[in-house]
Amino acid sequence: MAIEQTLILCKADAVARGLVGEILTRFERRGYTIAAMKLFTVDEARAKKHYAEHDGKPFFPGLISYLTSAPIVALVVEGSDAVEGCRSSIGATNPIKAAPGSIRGDFAQTIGRNLVHGSDSPESAKREIAIWFQPNEIASRKHDLEAWLVST
Ligand code: DAT
Ligand code: MG
């Protein structure tokens with residue numbers, strides 16, 4: 001068991017549709033904790049840095065305008081194997097393939113409006129968290145989590 005931090009974004013459609021509470025509830029009910037959270041409108045430079053791996057792909061311009069179109073909520077979510085666990089709660093990239101019960105499977109229809117971002121590896125999480133948060137904005141509860149999560 002490793003306590004990890006992962007970067008979650010409730011993207012513009014999640015905020016606009018009033019789904020932030022629902023999405024956070026999914027993570028919280030699973031036992032993950034929120035270590036940092038803020039709502040703001042993203043500038044183009046930050047959006048491009050975040051999605052740098054997709055630069056040059058046909059959908060990149062649309063992805064950047066989607067992320068910068070309206071306020072988003074950025075979070076650091078923490079828990080046991082949180083990177084993989086949060087990805088499974090989020091569901092497949094294309095909502096049409098996302099399992100019912102996952103966030104995208106329950107609330108989204110199209111890949112271009114898939115509500116949520118979650119880091120895809122511990123290395124990505126480290127890189128992305130540094131884009132969105134200063135170290136002093138993150139309140140880790142690692143020690144609490146270790147105390148109440150049963151090690152197997
Ligand atoms: P994920 O968000 O599941 O990590 P990703 O990193 O492959 O998926 O892509 C980042 C985002 O880019 C994704 O959430 C939606 C958008 N995207 C990916 N592939 C796309 C495609 N073929 N057409 C349109 N948008 C796409
Ligand atoms: Mg990704």
Notebook entry, point to check: Which one of L24, L19, L9 is surrounded by 13 or more Cβ atoms within 10 Å (Cβ to Cβ) and within 16 Å of ligand 2 (Cβ to nearest atom)?
Noted result: L9
Item checked: Matching option when the condition is under 20 Å from R141 (Cα atoms), assigned to a helix (DSSP H, G or I) and not aliphatic (A, V, I, L, M), among T6, T25 -> T25
Item checked: Hits in segment 118-140 (condition: open to solvent by less than 70 Å² (accessible area, probe 1.4 Å), away from ligand 1 (no atom under 14 Å from the Cβ) and closer than 19 Å to L39 by Cβ) -> I129, I131, W132, F133, I138, A139
Item checked: Tabulated pairs, segment 33-60, first open to solvent by 90 Å² or more (accessible area, probe 1.4 Å), second more than 16 Å from ligand 2 (Cβ to nearest atom) and not β-branched (V, I, T), C-beta under 6 angstrom, 6+ apart or interchain -> L39/P71
Check: Does I3 meet the test of being touching a residue at least 40 places away in the same chain (Cβ under 8 Å) and open to solvent by less than 10 Å² (accessible area, probe 1.4 Å)?
Finding: no
Next item on the list: Scan segment 28-47 for residues that are part of a helix (DSSP H, G or I) and within 18 Å of D120 (Cβ to Cβ) and jot them down.
Entry: A47
Next item on the list: Looking at (1) assigned to a helix (DSSP H, G or I); (2) without any contact (Cβ under 8 Å) to a residue 40 or more places away in the chain, find the lone condition where Y66 falls short.
Entry: (2)
Item checked: Residue list for segment 83-110, restricted to those being within 14 Å of ligand 2 (Cβ to nearest atom), touching a residue at least 24 places away in the same chain (Cβ under 8 Å) and β-branched (V, I, T) -> V83, I90
Next item on the list: Filter segment 125-143 down to the residues that are assigned to a helix (DSSP H, G or I) and within 15 Å of L75 (Cβ to Cβ), then identify the one that is farthest from the chain's Cα centre (by Cα).
Entry: E137
Next item on the list: Say whether the condition of being of a type in the set (S, T, Y) and either more than 16 Å from ligand 1 (Cβ to nearest atom) or not in a helix (DSSP H, G or I) (or both) is met by at least one residue in segment 93-101.
Entry: yes
Note to self: If I ask for residues that are over 14 Å from the mean Cα position of the chain (by Cα) and surrounded by 15 or more Cβ atoms within 10 Å (Cβ to Cβ), which ones from segment 82-101 would you list?
What the structure shows: P95, A98
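The values are calculated or read from the model by the stated rules, or taken from the named source; none is laboratory data. No experiment lies behind these values; they were computed from the predicted model shown. Note that we place each Cβ from the backbone using ideal geometry, even for glycine, and neighbour counts take in every protein chain shown. Only protein heavy atoms, including side chains, enter the accessible area calculation; ligands, DNA and RNA are left aside. Shrake-Rupley method; radii C 1.70, N 1.55, O 1.52, S 1.80 Å.
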